[in-house]
Amino acid sequence: QVQVAESGGGLVQAGGSLRLSCEVSGVIFSGKIMYWYRQAPGKQRELVAHITGGGSTEYGDSVKGRFTISRDNAKNTVYLQMDSLRPEDTAVYYCKTRYGWDDVWGQGTQVTVSS
């Protein structure tokens, strides 16, 4: 059974930093593209960043230059380092992988940035 579990959210002041973690089990992690999404109240879920098994990365325009996605294949974990946080980054952050034809999501972790 594939499981995805996020951690590391919390409350931070604008300009601060947080690091989110996402641990995956039940799949061969090293070959998986891993995704971070976020969803703010009243808004659609948006793609924040993704990273391939080989370490290539892409970012959404709103987080480029501030967020960094990385992975540790030995720990089956993907990270999202978030710097220079803004109030508009407030959202529930989700980690996602794919298993066959299915998307597998974590439960999400809340990030709140105060002004």
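Values for this structure:
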{"item": "Index of the failed condition, Ser114 passing every other in (1) touching a residue at least 60 places away in the same chain (Cβ under 8 Å); (2) within 16 Å of Glu6 (Cα to Cα); (3) over 14 Å from the mean Cα position of the chain (by Cα)", "result": "(2)"}
{"item": "Unique residue being over 19 Å from Ser115 (Cα atoms), open to solvent by 40 Å² or more (accessible area, probe 1.4 Å), without any contact (Cβ under 8 Å) to a residue 12 or more places away in the chain and of a type outside the set (Lys, Arg) when the list is Ser25, Ser56", "result": "Ser56"}
{"item": "Qualifying residues in region 60-70 (those that are within 11 Å of the chain's Cα centre (by Cα) and not aliphatic (A, V, I, L, M)) - the one surrounded by the most Cβ atoms within 10 Å (Cβ to Cβ)", "result": "Phe67"}
{"item": "Hits in region 28-50 - residues which are hydrophobic (A, V, I, L, M, F, W, C), within 16 Å of Glu6 (Cα to Cα) and open to solvent by less than 30 Å² (accessible area, probe 1.4 Å)", "result": "Phe29, Met34, Trp36, Val48, Ala49"}
{"item": "Selection from region 51-72 of residues that are within 19 Å of Glu6 (Cα to Cα) and at pLDDT below 95", "result": "Gly53"}
{"item": "Answer residue from region 65-107, given it is in contact with a Ser or Thr (Cβ under 7 Å, 6 or more places away or on another chain) and outside any strand (DSSP E or B) and is farthest from Gly31 (Cα to Cα) among those", "result": "Pro87"}
{"item": "Filtered residue count, region 71-89, keeping only those that are more than 13 Å from the chain's Cα centre (by Cα) and farther than 13 Å from Ser17 by Cβ", "result": "7"}
{"item": "Scope region 1-28; condition part of a strand (DSSP E or B), over 12 Å from the mean Cα position of the chain (by Cα) and of a type in the set (S, T, N, Q); matching residues", "result": "Gln3, Gln13, Ser25"}
{"item": "Flag for Gln110 being surrounded by fewer than 20 Cβ atoms within 10 Å (Cβ to Cβ), modelled with pLDDT of 95 or more, of a type outside the set (Val, Ile, Thr) and in a strand (DSSP E or B)", "result": "yes"}
{"item": "Matching residues, region 7-35, being on the phi > 0 side of the Ramachandran plot and in contact with a Lys or Arg (Cβ under 6 Å, 6 or more places away or on another chain)", "result": "Gly8"}
{"item": "Boolean, Gly53 is on the phi > 0 side of the Ramachandran plot and part of a loop (DSSP other than H, G, I, E, B)", "result": "no"}
{"item": "Selection count, region 72-94, where residues are of a type outside the set (Asp, Glu) and open to solvent by 40 Å² or more (accessible area, probe 1.4 Å)", "result": "8"}
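The values are calculated or read from the model by the stated rules, or taken from the named source; none is laboratory data. Because the structure is a prediction, the values reported are computed rather than measured. Cβ sites come from the backbone with ideal geometry, for glycine too, and all protein chains shown count toward neighbours. Accessible surface is based on the protein model in full, side chains and every heavy atom, while ligands, DNA and RNA are left aside. Shrake-Rupley method; radii C 1.70, N 1.55, O 1.52, S 1.80 Å.
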